[in-house]
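S.K.: Before I ask anything, here is the structure I am working with.
What follows draws every value from the coordinates through simple rules; no lab data is involved. Quick caveat: nothing in here was measured; it's all calculated off a predicted structure. In this analysis, Cβ positions are derived from the backbone assuming ideal geometry, glycine residues included, and neighbour counts consider all displayed protein chains.
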Amino acid sequence: MTENGHWPAIFQPLRFRNLEVKNRLFRSSISGRFDNYDGSGTETRIDWDVKFARGGIGAIISSNTPVHPRGLIVPNYAHLDSDDRIPFYVELGRRVRDGGAKYIVQLAFSGRQRDIPSVLYETGLSSTDKADPIHGFPCERMTRAQIDEVVDAFAQAARRAREAELDGIEIHGCNGYLITQFLSPAINDRNDEYGGSLENRARFPLEVVRAMRKEIGDDFHLQFKISAIDDGKALFPWANEGTTVEESIQVCKWLVEAGVDGLHVSAGYVFPHPRNPAGTFPISDVIRSYDTMLSSGKNTFRNYLMFRTPPINKVFAWAWERRARQLGVEGINLELARAVKQVVDVPVLCAGGFQTASVISKAIEDGSVDGVTMGRPLIANPDLPNLFREGRDRAPKPCTYCNKCLINFVESPLGCYEEARYDSREAMVREIVSVYEGAPLPSELE
Amino acid sequence: MSSDVIFQPLRLGSLTLKNRVLRSSLAGRFDNYDGSGTPVRINWDVKFARGGVGAIISSNAPVHRRGRLVPGFALIDRDDRIPFFRELGKRVHEYDCKYIVQLNHAGRHRDIGDLEFPKGLSSTDRPEPIHGFECERMTRPQIEETVDAFAQGARRAREAGLDGVEVAGGNGVLVTQFLSSAINDRDDEYGGSLENRARFALQVVRAIRVQVGRDFYVGFKISVDECMNEVFPWLRRGNTPADSVQICKWLEEAGVDAIHITAGAAFPHPRNPPGTMPLRDLVRTYDTIAASGRYTFRNYVAFRTWPFSSIFRWQWERPVRRVGAEGINLPESRAVKEAVSIPVLCGGGFQTASVVANAITSGACDGVTIARSLLANPNLVELWAQGYDRPPRPCTYVNKCLANFLEHPLACYEESRFDSHDEMMREALRVYETAEGR
């Protein structure tokens, strides 16, 4: 302990060009299917986000927020696709700030990669017309006009974020969604000005950044989340490697030139990916609740066999967990973040299993990162920042990286489903459904 | 005009409806996972009240958390649920429409595996035949607890200022699991003879009466012909109409105000909702059949693999090919009506005024309950009042509404009924329009 309190590196403010955050801890983009199917937000979503603000986090990065209904990843996430969504975000931002945290909205477009096919649009949009490799959802290759429309949708959503008086924007440029689908040479197979060379593949995200800047001006926080490495061989050695760190570093330089105020480093060109969220592959939860892999897309029978049939599912889980075994889960992306940080002069955030104060503190002090973002460890311990502040190095019941939270969210409320962390199954369910406690009576809404 | 009889008031015990049409129990997964209700649910029910039905029977409302059919439906399992139902009733009453809560316990029957209670309760310990969800045979204390949960649910409905309750006794839910000779394999006083199998249902009715008194509507929904062999040919048929008529007589003695006729001791069932099997929609959305329970591989093959899928569909659609969807349960309804002196309500594809009027005047039933046809045309009753015999764009009985409800908002998904896919989706999402709080 020092005179500045515990973990001074963590609890010093982080200054971006247009935003100051009280500490170095960010909640990463996570949430459950708490909103209405039509993309309108609910009180439950607000309660979900406020919980983390109260836990002492410096800033909250929203769940992925579609800028257009065609860009949703899974139904029941609030959209920012029209101006009538703004009042909800005004309220959400106000309540999170009252809880003590800043609010950064993550603007997203799914492209061909989704968790549930939408009833609104049967095919996704992508750089390519090849189906996504996980479900096998069909997609169409975007035309020039469609690219312009989506760039504009990002820009309009950015304007709405500013009008809602939120604290900043993060562009979801990673993990296999639309922007990755342009950046990645393992996916992008175009031969026009949006495909081929790195410069061409980066054209779409750079257009998004510039179009946003035009709408929001130069004095509003804008950060970009990027998969610094595609790591295409993580699961199958015969797969295409995809984007390398060197290429991503070049993209990051261009992004900063185009007006990005911060970079958020993740990894993997699909989601989920063995590196993100790194950890175990919970087979028994997958077959119970991640049904859509068994029912939608082209690859249902392969998935049925892969997930349900021993020994194929055991082999698959073994292959999946290899990266986590090789690199460890906590700080799995730190080397990538350090590589980015060395070449850009904006703050760099890093995702990947962080939950130990000494690890985070050291990563900041040795110049690998400026701050860390946390998803699963905060689901397990929403008050983790406050625990650090009290001087703890780790929560008494840390996240086990079992990934059951991720696998359950399609069918059940997002929460920690690791029964070993609770006194009983009942206590676990009580904790999970407590997010609905503040849902108002309809009469209170008028 | 021949359809005038539809617009005559209907007396159901102490309750009087303005006409002979009730919205049957149907709803999407509009509520919160913890069982609390939402403004979306209210929008949903108000839409039908506005369309002119005499009463709304709620979506199935579990009387206990363990009795959930599917998450996302409002529960009536605790006193703190009462304010939600009070508000719901108030808003429906604004349209001179009555509100009846359907009290349910799903038993072993589920659409999605339960997070909290992986095993359901049932009369038996054999898994349910569609998904293969596991269950445990109820003990005597569990039976008593569940009877009390029904009674407390009814008390809450009365305290919420609603107009009545309906016991969900058909379609394969817990009460059916006791009534049915195809399911109940007990050898104690709750199994074996018809009298024993009816014991649980009658205890539920009597316990409800103790809580709500004589002057509160208590209905009972029953699958008169269980036809389990129409789901899978290797299953036993289950209760016959003769069995069910006897049960209805006992129910009348126990204090039930009306009988609501349905069919099939499972859900879905070829006779309920009667119509086609929308295979293409099912494989896309009814995932739990392929993911939960014991029979996932059989279901994967049955739904996805030609020719099994075609054979399965052909078999499923047989009863409807024979007798048609509209009024499919009228013969059973008539048989019950001849044996009891309380009103009889009949469900099953109704959407033609002359068919409904004829069913009432010929003495097959006293009123009709409608689900899918109202989903397609929420203003069906108004259309009849304007002189239409059938709506211009009737329900096509394709059952896409049912197939989609687990993953998508409950609505009509028959694109041919709309000018465009966009218009269909706008209509489906309208239920959320006034939902955004603050």
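S.K.: Roughly what percent of Cα-Cα pairs across region B:352-438 reach past 19 Å?
M.R.: Within region B:352-438, distances greater than 19 Å cover 48 percent of Cα pairs.
S.K.: Same structure, new question: Could you pull out every whole DSSP H run in chain A that spans at least 15 Å of Cα extent along its own axis and averages -1.0 or higher on the Kyte-Doolittle scale?
M.R.: What comes out of the filter, once short or polar helices are dropped, is A:43-54, A:86-98, A:144-163, A:203-216, A:245-258.
S.K.: Under a GNM of chain A (C-alpha, springs under 10 Å), which listed residue has the highest mean-square fluctuation: A:V67, A:V245, A:V369?
M.R.: Judging by the Gaussian network model, the answer is A:V245.
S.K.: Would you list, by chain and number, the aspartates and glutamates whose Cα falls below 19 Å from the Cα of A:K314, excluding same-chain residues fewer than 8 positions away?
M.R.: Counting by Cα, and skipping residues close in sequence, A:K314 has these aspartates and glutamates nearby: A:D285, A:D291.
S.K.: Give the span of region A:150-305's Cα atoms along each principal axis, as three whole-Å numbers ordered largest to smallest.
M.R.: Principal-axis extents of the Cα atoms in region A:150-305, largest first: 51, 36, 27 Å.
S.K.: Sticking with this one: log₁₀ I(q)/I(0) of region B:137-218 at q = 0.11, 0.25 Å⁻¹, via Debye over equal Cα point scatterers, no solvent, to two decimals?
M.R.: Listed by q, the Debye log ratios stand at -0.30, -1.17.
S.K.: In whole percent, what relative contact order does region B:320-437 give with Cα contacts below 8 Å and a gap of six or more residues?
M.R.: 18 percent
S.K.: Between B:L383, B:L88, B:L162, which gets the highest mean-square fluctuation from a Gaussian network model of chain B, Cα cutoff 10 Å?
M.R.: Result: B:L383 has the largest fluctuation of those listed.
S.K.: Next question. Under a straight-distance cross-link criterion of Cα-Cα below 19 Å, which aspartates and glutamates are reachable from A:K233, leaving out those fewer than 8 residues away in the same chain?
M.R.: A:D132, A:D189, A:E241, A:E246, A:E247, A:E321, A:E335
S.K.: What is the gain in length, in nm to one decimal, between A:E257 and A:V245 on full extension, counting 0.36 nm per residue of separation less the C-alpha to C-alpha distance?
M.R.: Values: separation 12, 0.36 × 12 = 4.32 nm, distance 1.85 nm.
Length gained, A:E257 through A:V245: 2.5 nm.
S.K.: With Kirkwood's inverse mean 1/r over C-alpha pairs for Rh, give me the Rg to Rh ratio of chain A, two decimals please.
M.R.: 0.93
S.K.: Can you give the average number of partner chain beta-carbon atoms within 10 Å of each beta-carbon in peptide B:304-311, as a whole number?
M.R.: The mean count of partner-chain Cβ atoms within 10 Å per residue comes to 1.
S.K.: Please compute P(r) over all alpha-carbon pairs of region A:1-56, binned at 5 Å starting from zero, and give each bin as a whole-number percent.
M.R.: 4, 14, 18, 17, 15, 13, 10, 5, 3, 1, 0
S.K.: In square nanometres, what is one fourth of the surface area of the convex hull spanned by the alpha carbons of region B:360-411?
M.R.: Over every viewing direction, the Cα hull of region B:360-411 projects on average to 4.6 nm².
S.K.: Now for a separate question. Take the Cα pairs of the protein assembly as shown, get the Kirkwood Rh, then feed it into Stokes-Einstein at 20 °C and 1.002 mPa s and tell me D in µm²/s.
M.R.: On the way: Rh = 28.6 Å.
Here the translational diffusion coefficient equals 75 µm²/s.
S.K.: Further, regarding this structure: Averaging over all projection directions, find the projected area of the Cα convex hull of region A:219-333 and quote it in nm² with one decimal place.
M.R.: 9.2 nm²
S.K.: Given the -39500 (n - 2.57) contribution per DSSP H run of 4+ residues, what per-residue ellipticity at 222 nm results for the protein assembly as shown, rounded to the nearest 500 deg cm²/dmol?
M.R.: Helix-only estimate at 222 nm: -10500 deg cm²/dmol.
S.K.: Output the pairs from A:K225/A:K298; A:K225/A:K253; A:K51/A:K404; B:K221/B:K337 with a Cα-Cα distance over 18 Å in this structure; if there are none, say none.
M.R.: A:K225/A:K298; A:K51/A:K404
S.K.: So what are the three principal axis dimensions of region A:98-221 from its Cα atoms, in whole Å, longest to shortest?
M.R.: Reported extents, whole Å, longest axis first: 44, 31, 22.
S.K.: When the Kirkwood hydrodynamic radius is evaluated over all pairs of different C-alpha atoms of region A:228-283, what value in angstrom, to one decimal, is obtained?
M.R.: Result for region A:228-283 stands at 12.6 Å.
S.K.: Compute the relative contact order of chain A as a whole-number percentage, counting only Cα pairs closer than 8 Å that sit 6 or more residues apart in sequence.
M.R.: Over chain A, the number comes to 17 percent.
S.K.: Let me ask something else. Return the tail of the calculated pair distribution for region A:368-425, meaning the percent of Cα-Cα pairs more than 13 Å apart.
M.R.: 64 percent
S.K.: With the dipole of chain B worked out from charges on the C-beta (+1 for Lys and Arg, -1 for Asp and Glu) around the Cα centre, which of B:L383, B:Y413, B:P39 lies farthest toward the positive end?
M.R.: Towards the positive end, the residue furthest out is B:Y413.
S.K.: Taking every pair of Cα atoms in region A:288-392, average 1/r, invert it to obtain the Kirkwood radius, and report Rg/Rh to two decimals.
M.R.: Ratio of gyration radius to Kirkwood radius for region A:288-392: 1.12.
S.K.: Could you size up the charge dipole of chain A around its Cα centre, putting +1 on the beta carbon of Lys and Arg and -1 on that of Asp and Glu, and report it in debye to the nearest 20?
M.R.: On the way: 53 positive and 60 negative charges, 231 e Å.
Around 1100 debye, computed over chain A.
S.K.: In square nanometres and to one decimal, what's the mean projected area of the convex hull around the Cα atoms of region A:304-359?
M.R.: The number I arrive at for region A:304-359 is 5.7 nm².
S.K.: Taking only C-alpha pairs under 8 Å that are 6+ residues apart, what is the relative contact order of chain B in percent?
M.R.: On the way: 980 pairs, mean separation 71.9, N = 438.
Rounded, it is 16 percent for chain B.
S.K.: Please average, across the residues of B:28-37, the number of beta carbons from any other chain that are within 10 Å of each residue's own beta carbon, and give a whole number.
M.R.: For this peptide, the per-residue mean of nearby foreign Cβ atoms is 5.
S.K.: I'd like the distance between the alpha-carbon centres of region B:52-93 and region A:32-88, rounded to an integer number of Å.
M.R.: Distance between centres, Cα-based: 27 Å.
S.K.: I've got another one for you. Past the 23 angstrom mark, what percentage of all C-alpha to C-alpha distances in region B:1-109 do you count?
M.R.: Cα-Cα pairs in region B:1-109 separated by more than 23 Å: 30 percent.
S.K.: Oh, and also: Under a 5 Å amide H to amide H cut-off, with H placed in plane at 1.01 Å, what residues pair with B:E166 once short-range neighbours are removed?
M.R.: The answer is B:V101, B:Q102, B:L103, B:G219.
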